[in-house]
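Take a look at the structure below.
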Amino acid sequence: MTGAPASHSETARQWVHVGSGLFALLLRVLNGWQAATLAFAALVFNALLLPRLGGKRLYRPVDHDRGFPLGILLYPLSVLMLTLAFPTRLDIAAAAWGILAFGDGFATLVGRSRREGTAVSAVPSDRIPWNPDKSWAGTIAFVVCGGLAAVALAWWTRPSIAPLPPMAFTIAAPLAAAVIAAFVETIPIRLDDNISVPLAAAIVLWLGSLMTSSSLELSHERVLGTLPWALGVNVVTGWLGYRAKTVSMSGFIGGVLVGTIIYACGGASAWVLLLATFIVASVASRLGLARKQRLGIAEERGGRRGAGNALANCGVAVMAAIAAATTPYAPAALAALVAALTAGGSDTVASEIGKAWGRSTFLVTTFGRVKAGTPGAMSLQGTIAGVLAALGLAAAGTALGLIAASAIVIVVISATAGALVESALGATLEGPGILNNDMLNFINTAVAAVVALVLL
């Protein structure tokens, strides 16, 4: 190990992180390909030239140990991906870039100043309960600085976008994206913030770009009228789940939030499918519990679902429900919702049946045999159970009027694709701690929704 040089300063690194966001001002005068070319040039510069020009002073100790600066390379890579994903909507790329630069940067600066300050500023209550490494002060700084920068950059870039984005989008969407990205930044995973933050922001901004005033006008009375009933039903259902020990207290709160949004935006049919998915997953978790406990591979808390489980398995469905109510693409959004819920439920069934009765467990990346419960492991018994569960949940989606009967096979294929991607990532990235189970579940449902939309 070489160790970091004495001149290393994390504060200086973060100011460079923030200052680099000013280059987003160029997106007003560039087209998509020009912006992508400059982002690629920045990636090459950071990889090859920056170390020769004194840039190693910005390296963290772990960067010196591994031989390259991961975050310094992922930053321009994320900007490159943003410009490639939104070549005609560089206002979205600019806003997400602003959240990455100013939100993430100032969150670290404020968080460090709090930790290095007086005893009063280091009060334990400032720590975020689900991630003690993060502070409420840093998260607030993220939302304020990231939100303001995102709005400013979206407004600055707006005149170059055709057709001109609504001013409501330019103001509201970046602020919402900053809040969601700030929450994602607090999730305790090893996925680098330079990836997770702009990804979360871009998803929210993209969803906001699909919303239209006519769709909002048509749906807002229905959503608001349904909201009290949706909240009441989910509070009762969540409390019953808590009393039955199928969810923890955080799971109760997260489940009420998820269920209320899906009911109010997607309708009662979407909520019934959500409930069916939860019941199927909960039953599967309790099957063969004695064997799972004996092998040490049973779900934590006796299979009780927490808020992380709810958001990971239903986050995509929540976004799809919102899209169904606020965009002109309700049929496609409901298909994505069915695919996401089906993927989450069938994956849980496959995993739990595989743990309980799988006799030949293997990794999808190597097909080598491993012990049951190994990250990314699959079994023939679990896979069959998962496909059957996907078929049943997709058929339920048809019976509830959410998708056409012709889409059942597509939903099953989509759920299977999501499960395969999750298994591959679990086998390679869960062990090192880069991704945790909740992130893998979210990716699983997201892949299923995207595949369903493409096939449909």
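Where a number appears in this text, it was derived from the coordinates with a stated rule and is not lab data. Owing to the predicted nature of the structure, the values given are computational and were not obtained by experimental measurement. Because the Cβ atoms are built from the backbone with ideal geometry, glycine has one as well, and the counts that use them run over all protein chains shown.
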Item checked: Per-residue HN-Hα couplings for the stretch 361-367 [Karplus 6.51, -1.76, 1.60; θ = phi - 60°; Hz; x = Gly/Pro] -> 9, 9, 8, 5, 7, 10, 6
Check: Separation between the THR88 and GLN34 pseudo-spin-labels, each 7 Å from Cα along Cα→Cβ, expressed in nm?
Finding: 1.9 nm
Notebook entry, point to check: Which net charge results when you count Lys and Arg as +1 and Asp and Glu as -1 among the other residues whose beta-carbon is under 15 Å from that of ALA181?
Noted result: -3
Notebook entry, point to check: Can you give the extra length, in nm with one decimal, that the chain gains between ILE279 and LEU231 once fully stretched, where that is 0.36 nm per residue apart less the Cα-Cα distance?
Noted result: 15.4 nm
Next item on the list: Can you find, among GLN14, TRP206, LEU240, the residue farthest towards the positive end of the dipole of the chain? Put +1 on the C-beta of Lys and Arg, -1 on that of Asp and Glu.
Entry: LEU240
Checklist line | Distance between modelled label sites at PHE23 and SER360, nm, 7 Å Cα→Cβ extension | finding: 5.2 nm
Next item on the list: Only loop residues by DSSP count here, and only those with at most 15 other Cβ atoms within 10 Å; note down the trypsin sites (Lys or Arg not before Pro) in the stretch 168-259 that meet that.
Entry: ARG190, LYS245
Next item on the list: Quote the relative contact order of the chain in percent (integer), defining contacts as alpha-carbon pairs under 8 Å separated by 6+ residues.
Entry: 12 percent
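By how many nm would the segment from VAL16 to GLU217 lengthen if fully extended, with 0.36 nm per residue of separation less the alpha-carbon distance?
68.0 nm
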Next item on the list: Using just the helices of the chain, give the 222 nm mean residue ellipticity in deg cm²/dmol: DSSP H runs with n ≥ 4 each add -39,500 (n - 2.57), and the total is spread over all residues, rounded to 500.
Entry: -22000 deg cm²/dmol
Item checked: Inter-probe distance in nm under a simple model that places probes 7 Å from Cα toward Cβ, at ASP192 and TRP130 -> 2.4 nm
Margin query: Please compute the length gained on full extension between ARG57 and LEU287, using 0.36 nm multiplied by the number of residues separating them and subtracting their Cα-Cα distance.
Written below: 77.4 nm
Checklist line | Residue among THR37, SER269, GLY255 farthest towards the positive dipole end of the chain, charges placed on Cβ | finding: GLY255
Check: So how many Å³ per residue does the convex hull of the Cα atoms of the chain work out to?
Finding: 164 Å³
Checklist line | Assigned charges on the beta-carbon of Lys, Arg, Asp, Glu; the chain dipole about Cα centre (debye) | finding: 900 debye
Note to self: Under the rule of at least 5 residues apart or a separate chain, name every residue whose amide H is placed under 5 Å from the amide H of LYS134.
What the structure shows: ILE128
Check: With helices defined as uninterrupted DSSP H runs, which ones in the chain have an alpha carbon span along their own long axis of at least 20 Å and mean Kyte-Doolittle hydropathy of at least 0.0?
Finding: 70-85, 136-157, 167-186, 193-210, 213-243, 268-286, 307-326, 330-357, 380-399, 408-425, 437-455
Note to self: What are the ³J(HN,Hα) couplings of the stretch 46-63, residue after residue, when phi is run through the Karplus curve with 6.51, -1.76, 1.60 and θ = phi - 60°? Round to Hz, x for glycine and proline.
What the structure shows: 5, 7, 10, 9, 3, x, 7, 10, x, x, 5, 5, 8, 6, 7, x, 5, 5
